[in-house]
Amino acid sequence: DDTVRRRSAQVVATGMENEPNQLIDAIGGDEDEVAYTLAELLHDDDEDVRVGAANALVYFSQVAPNHVAQYRDDVYAAMKYPNAPTQVNSALTTLNMAEAEPGLSDEALRHVQPLCEHGDPDVREAAAMALGAIRNNRATELLRALMEDSNPAVRQRASEVHRQTR
């Protein structure tokens, strides 16, 4: 049932935001299973389920980035969905994975780079945040370009991230 899946995804996202460890314990404590399930939900037919899963993954990737990184191809694929909230949350999940595993920087950059020219400023702002966790020259160049973005919120976020990564 679509309604049940939507509401369940929202509950999981809220639980991950507020009490991720408690939620993980409540569903059996298997972080690999949580990561797998959320990654699968990124590809659900219902957009609201995908948004909820992407939101939950942002918070889950803060507490278990290595578990989420196993399903990074799913996260990268979600960045291509035509839904700004899913793209934003997938970029932020990529940020958490790249911070935990610097070896992912080059591949993360390949997937974040297209978001730097997205029509939605929220997506470009999330891309700027993700670029801060990607430590290479190209990410720095893209971040500097976002510091000249037409949107003031994007420029501000890019400048903040740039200052923090120097």
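The values are calculated or read from the model by the stated rules, or taken from the named source; none is laboratory data. The structure presented is a predicted model; accordingly, all values stated were derived computationally and were not measured. Don't worry about glycine lacking a Cβ; one is built from the backbone with ideal geometry, like all the others, and counts go over all protein chains shown. Keep in mind that these areas ignore ligands, DNA and RNA; they rest on the heavy atoms of the full protein, side chains included. Shrake-Rupley method; radii C 1.70, N 1.55, O 1.52, S 1.80 Å.
Rolling a 1.4 Å probe across the protein heavy atoms gives segment 10-166 an accessible surface of 49 Å² per residue. Using a probe of 1.4 Å, the accessible surface attributed to Leu38 totals some 10 Å² when neighbouring protein chains are kept in position. Pull out a ≥ b ≥ c, the square roots of the eigenvalues of the alpha-carbon gyration tensor of segment 97-163, then state rounded if a/c is under 1.5, prolate if not and a/b is larger than b/c, and oblate in the remaining case. Judged from the Cα gyration tensor, segment 97-163 comes out prolate (a/c at least 1.5, a/b above b/c). Against the chain, whose longest principal axis comes from its Cα atoms, helix 137-146 is set at around 80 degrees.
Can you give me the angle between helix 84-100 and the longest principal axis of the chain, using Cα atoms only, in degrees from 0 to 90, rounded to the nearest 10? Rounded to the nearest ten degrees, it is 80. Per-residue SASA remark: Asp48, around 80 Å² accessible (1.4 Å probe; ligands, DNA and RNA not included). Given the alternatives (1) 17.9; (2) 16.3; (3) 15.8, Kirkwood radius over Cα pairs in Å as computed for this entry is given by (3).
Other residues within the sphere of radius under 15 Å centred on the Cβ of Ala126, judged by their own Cβ, net out at -3 (K and R +1, D and E -1).
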